[in-house]
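Written out below as structure tokens is the structure these notes cover.
The values are calculated or read from the model by the stated rules, or taken from the named source; none is laboratory data. Only a predicted model underlies this, so the values are computations on that prediction, with no experimental measurement involved. Cβ sites come from the backbone with ideal geometry, for glycine too, and all protein chains shown count toward neighbours. SASA here: full protein model, heavy atoms, side chains in, ligands and nucleic acids out. Shrake-Rupley method; radii C 1.70, N 1.55, O 1.52, S 1.80 Å.
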Amino acid sequence: MHRMKRCKAERAVVNIGSLLTLEPGSGAGPLGIVERAALAFAGERIVYAGPEEKLRDAVELPAAGSILDADGRVALPGLVDCHTHLVFAGSRAGEFAARVSGKSYEEILAAGGGIHSTVEATRRASESELLALARRRLDRFISFGVTTVEAKSGYGLDLENELKLLRVARALRGQHPVDVVSTFLGAHTVPREYRERREAYLELLVHEVLPRVAAEKLAVSCDVFCERGAFTLEETRRILEAGLRLGLPARLHAEQLSRSGSIALAVELGALSVDHLEFIDESDARLLSGSRTTAVILPAATLFAGKQRYAPGRMLCDTGCRVAVSTDFNPGSSHTQNLPMTLTLACLGCRLTPEEAVRGATRHAAAALGLESDRGSIGPGKRADVLILDSPDWRDLLYHFGGNLAWRVFKNGQEVLVSR
Ligand code: NIG
Ligand code: FE
């Protein structure tokens, strides 16, 4: 019988108890689960994902030393953290203590602390210091099974320092297996020296910083913190439209501390994502549900900023929005890299189902970055980014609250984390 030439795999994982493909068509339930599964990789791509019994017909296996026996464990896509403020210097541990004793996040920011204090420390830091700090943070991310991290600028807030942060993020790409996807967030807040000259800061962003960021290809999207005390709706439009003219899709810190009405703007501009959403309402959600824009919820920031009001994740899912979940890792409102713990919070605080939470840190998080066709799910042709849990039950990822079940992590087909 004529057979197609089988592809030669360089690596394989066998004896997977449950493979979460995140491709509902290719397995059972909303997570597309294949039981007793196997995976095979060639180069940085997946060449086989499916029942173990069909593996040998589909690919030519590598030598035994390149085959991992998962012994019934769970495999899922490497996690995608689609909203972080990865590159910064300094610590806000003192501010944390002040918040615990009653000062609000907004009060600290208005008094010149908060983001401003990180800006001060970050401006003082050299590129190599920032690089060393960020590299260690990526090590922590990978230890939790995160293989792609978005990184925003926004602690430089002038030409030289915004470019510095984005160059650090670019340099990380050659130095660390985790993929870093850069977003320009020069509109994080108006820096102190421009407090009485907002218009001049907007001019600087639109006419100097953004064009340089685009010309040097230092970011793939442009974000604005649209909020009282940060940027108004009109200012947000101006900055995002300038970014779009330079080929940078929009993202938004939206409806975090109050309702600004920014969802309609995001949908009008075809934004990749709107993030935070504690104050989003049902009419906003209906607009989002018919759009390409992903709703990113950040429940660790709600908790850590000392707020009671979580984003209405249940309502967003029920309205048909595509919901992603991220840590919002940053030194002020969410100082954690524990994305699995954040998924537990998305269930408890935002009422996502465990399935929706897992989808939020894989397939939907990749969509928030415009990378859905490349990663965030498992199937032939997808990037070989895979997390293997030290458990036979995928729900343990959420159930072990604040723990870490990452057992093996593959990035681009290479084993980058081996634990125990
Ligand atoms: O996503 N919302 C604004 N920015 C960050 C916090 C930044 C900071 O406090 O340093 C956030 O929560
Ligand atoms: Fe943020």
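A single entry from L166, L131, L185 fulfils the requirement of being of a type in the set (A, V, I, L, M), in contact with a helix residue (DSSP H, G or I) (Cβ under 6 Å, 6 or more places away or on another chain) and modelled with pLDDT of 95 or more: L131. Do we find that L86 is hydrophobic (A, V, I, L, M, F, W, C) and either within 16 Å of ligand 2 (Cβ to nearest atom) or in contact with a Phe, Trp or Tyr (Cβ under 7 Å, 6 or more places away or on another chain) (or both) in this structure? Yes: the conditions hold for L86. Residue count for the range 180-201, restricted to those that are surrounded by fewer than 22 Cβ atoms within 10 Å (Cβ to Cβ) and of a type in the set (F, W, Y): 1.
Looking only at the range 75-128, which residues are of a type in the set (D, E, K, R) and in a helix (DSSP H, G or I)? Explain how you work it out, then say what you get.
First, pick out the residues of the range 75-128 that are of a type in the set (D, E, K, R): 81, 92, 95, 99, 103, 106-107, 120, 123-124, 127.
Within the range 75-128, E95, R99, E106, E107, E120, R123, R124, E127 qualify.
On the basis of being within 22 Å of N330 (Cα to Cα) and either outside the structural domain of A171 (by TED's automatic domain parsing) or open to solvent by 40 Å² or more (accessible area, probe 1.4 Å) (or both), does R212 make the cut? In short, no.
All conditions in (1) free of Cβ contacts under 8 Å to residues at least 40 places away in the same chain; (2) open to solvent by less than 40 Å² (accessible area, probe 1.4 Å) hold for L204, with the sole exception of (1). Where helices (runs of 4 or more DSSP H) fall wholly inside the range 263-356, the ranges with 2 or more residues that are open to solvent by 10 Å² or more (accessible area, probe 1.4 Å) and more than 14 Å from ligand 1 (Cβ to nearest atom) are 282-289, 313-318, 339-350. Considering only residues that are within 23 Å of E282 (Cβ to Cβ) and part of a loop (DSSP other than H, G, I, E, B), which ones fall in the range 238-262? E255, Q256, L257, S258, R259, S260, G261 - these are the residues of the range 238-262 that are within 23 Å of E282 (Cβ to Cβ) and part of a loop (DSSP other than H, G, I, E, B).
For the range 103-141, what are the residues that are polar (S, T, N, Q) and closer than 20 Å to R170 by Cβ?
The first filter runs over the range 103-141 and keeps only residues polar (S, T, N, Q), leaving 104, 117-118, 122, 126, 128.
Within the range 103-141, T122, S126, S128 qualify.
Of all residues in the range 129-155, which are in a helix (DSSP H, G or I), in contact (Cβ under 8 Å) with a residue 40 or more places away in the chain and not basic (K, R)? I'd like the intermediate steps shown before the answer.
Here is the first cut: in the range 129-155, the ones in a helix (DSSP H, G or I) are 129-143.
With the extra rule that they be in contact (Cβ under 8 Å) with a residue 40 or more places away in the chain, the set shrinks to 129-131, 133-135, 137-138, 140-143.
Residues satisfying the conditions are E129, L130, L131, L133, A134, L138, F141, I142, S143.
Listed here are the residues, each with its yes/no results for (1) open to solvent by 20 Å² or more (accessible area, probe 1.4 Å); (2) within 18 Å of F225 (Cβ to Cβ); (3) in the same structural domain as G306 (by TED's automatic domain parsing); (4) of a type in the set (A, V, I, L, M).
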{"residue": "D69", "(1), (2), (3), (4)": "yes, no, no, no"}
{"residue": "H85", "(1), (2), (3), (4)": "no, yes, yes, no"}
{"residue": "A89", "(1), (2), (3), (4)": "no, no, yes, yes"}
{"residue": "A98", "(1), (2), (3), (4)": "yes, no, yes, yes"}
{"residue": "S104", "(1), (2), (3), (4)": "yes, yes, yes, no"}
{"residue": "H116", "(1), (2), (3), (4)": "no, yes, yes, no"}
{"residue": "A134", "(1), (2), (3), (4)": "no, no, yes, yes"}
{"residue": "I142", "(1), (2), (3), (4)": "no, no, yes, yes"}
{"residue": "V146", "(1), (2), (3), (4)": "no, no, yes, yes"}
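Residue check: is G113 without any contact (Cβ under 8 Å) to a residue 60 or more places away in the chain, touching an Asp or Glu at 6+ places or on another chain (Cβ under 8 Å) and either under 26 Å from F141 (Cβ atoms) or within 15 Å of ligand 1 (Cβ to nearest atom) (or both)? Criteria met by G113.
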